[in-house]
Structures are given as structure tokens and as C-alpha cells.
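The values are calculated or read from the model by the stated rules, or taken from the named source; none is laboratory data. The structure displayed is predicted, hence computed values, not measured ones. Every residue, glycine among them, receives a Cβ derived from its backbone with ideal geometry; neighbour counts consider all protein chains shown. The area values use the complete protein model at the heavy-atom level, side chains included, leaving out ligands, DNA and RNA. Shrake-Rupley method; radii C 1.70, N 1.55, O 1.52, S 1.80 Å.
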Amino acid sequence: MNKAAVIVAVSMLLSRVLGIFREMLLAHAAGVSLEKNALDLAFMIPDILNHVVSTGFLSIIFIPIFTGYKVAGDEKAGWKFFSNVLNTFGLALLILVIPAFIWMKELISLLTVDGVTPELLERATYYGRIILPGQIFIFVGSILVAVQHTRKQFLIPSLTGLIYNIAIVGGGAAGLALTNYTGNDYGLAGFAWGVPVGAFIGFFALQIFGAKRGGVHYEFIIEPKHPDIARYFKMMLPMSLGVGSMFGP
């Protein structure tokens, strides 16, 4: 446990440092500008969808139910529960992501106050469509992280935030370098592209590798009426509503 605590603490510290560096790089690149405001605004719809499926609370909800199967000696049912949660809520998120991608501009316009200029709205829509697919990888990765935690695997899950921030910083630096080299204004697109890239590598690809090392068993099961899916949803709902209230007026 001491070793695991050190691993998680070091990873979190490095991730925080990179997060600060990311903000410094953003401030240097854009300052207070239309591009920076557009990038900030672009995160609104992805963040709302993230909270709808309670990605930030997945471990709190998933681990007790999954561990209950293990304690009861029915690990096969536990893996079915894992697959069912991943498929059922992943499909629900995908159903929300597709129309959000198509009508990103209308959704941002609907949820923002008056005073958003057409140019700002266009840039926010552009960035938002780049960022949005990353939420699917973050959702899947969060469940895989929870599974690894139940297997007492901490190193690979602790790298999610670190790799995510490295990708954003790297993308931003590459975008700025490309702008300086070509003379074309790419804005802050590099930072936006860093989000899905970092989510894919840190939350998805790496966590699949870690989960496989832990003996994960996946099945294509979609049973939304299963009692444990209903239980999962009942635990998730108040958390989603509680966090979602922050987006209110």
C-alpha cells in the first residue's frame, strides 16, 4: 500500500506540474483573446456529457458492485457486470456524442449568455468538435482504471492524467511551432487536438494494456434491464445531478 501511495502521489504531482505548465503555455500563446475564450467555451459540451455519465465518479460506483461479486466467489458474473456497464453506458454516451458533434454550434449558442460573437461561436464549435470524441476514451478508460484498482494495480492507472497533460502540452507546442514555421495561423488547435490524443493514449490504449495484464474478461453484453445496471444507475443519478447543477444559471 505504501508503494502504491508513492506511485499515485508522484504521478499526481507530475500531472499537476504539467497542468500548470499547460496553462502557462496557453497564457503565453493566447493571453486574453478570442482564441483562448473559444477554447474555454469548447470544453462546455464535452464536460456536460462527461458529468452525465458520471465519469469522475465511476470508481466510487463501480468498485463496490464489482468487488461484491469477487467476495461472493462469482468472478464470472463480475466480468459480465463490467462488460454490461461498459457497453450499456458506453452506447448511451455514444448516442449523446453523435448529435452533440453535429449540433455543437447550436448547443453552445443555447447554453451561453448573450454577447457571444459569431466569430467566437465558430471557433468554439471548431474546437469543441475536436475535443468531444475524447470523452468516449475517458469514459472507457475510467472503467478500466476502476477494474485495475480492484486488482491492486496502480502504476498504469496513475499515468492517465500525466499522459493526458503531456499530449495537450505537446499538441499546443507543436501547433505554435507550426504557426511560427509556416506563417499560417493555426490558433490553439494544437491544444484542442491534444485532448483526444491524450485521452486515447492515456485513458484508452494504455489502460487496455493494463487491464489485460490484470486478466480482464470482456463480453459483448448489453442488458440495460439487469438489476445491477439499475442499481448502478440509481447510484450514478444523484452524483450526475449534483455535479450537473453547476451548469445551471
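So Gly175 ticks every box in (1) in contact (Cβ under 8 Å) with a residue 60 or more places away in the chain; (2) touching a Gly at 6+ places or on another chain (Cβ under 7 Å) but one. Which box is left unticked?
Against the list (1) in contact (Cβ under 8 Å) with a residue 60 or more places away in the chain; (2) touching a Gly at 6+ places or on another chain (Cβ under 7 Å), Gly175 comes up short only on (1).
Looking at segment 176-198, is at least one residue open to solvent by 10 Å² or more (accessible area, probe 1.4 Å), under 19 Å from Val147 (Cβ atoms) and in a loop (DSSP other than H, G, I, E, B)?
no
Does Phe101 satisfy being open to solvent by 70 Å² or more (accessible area, probe 1.4 Å), modelled with pLDDT of 85 or more and either touching a Gly at 6+ places or on another chain (Cβ under 9 Å) or outside any helix (DSSP H, G or I) (or both)?
yes
Looking for something crowded, with 16+ Cβ neighbours inside 10 Å, assigned to a helix (DSSP H, G or I) and free of Cβ contacts under 8 Å to residues at least 40 places away in the same chain - is there at least one such residue anywhere in segment 131-143?
no
Leu25 passes all but one of (1) surrounded by 16 or more Cβ atoms within 10 Å (Cβ to Cβ); (2) modelled with pLDDT of 85 or more; which number fails?
Going through (1) surrounded by 16 or more Cβ atoms within 10 Å (Cβ to Cβ); (2) modelled with pLDDT of 85 or more one by one, Leu25 breaks only (2).
Residue pairs, Cβ under 8 Å, 6 or more apart or interchain, first in segment 204-222 and among the hydrophobic types (A, V, I, L, M, F, W, C), second open to solvent by 60 Å² or more (accessible area, probe 1.4 Å). List them.
Short answer, once both residue conditions are applied: Ile221/Lys80; Ile222/Leu91.
How do the pairs read when you match residues in segment 80-105 that are within 30 Å of Gly215 (Cβ to Cβ) and touching a residue at least 40 places away in the same chain (Cβ under 8 Å) with residues anywhere that are open to solvent by 70 Å² or more (accessible area, probe 1.4 Å) and among the hydroxyl-bearing types (Ser, Thr, Tyr), using Cβ under 6 Å and keeping only pairs 6 or more apart or on different chains?
Ser83/Tyr218
Every residue in segment 55-86 that is surrounded by 14 or more Cβ atoms within 10 Å (Cβ to Cβ) and either in a loop (DSSP other than H, G, I, E, B) or of a type in the set (Phe, Trp, Tyr) (or both), please.
Phe57, Phe62, Phe66, Tyr69, Trp79, Phe81, Phe82
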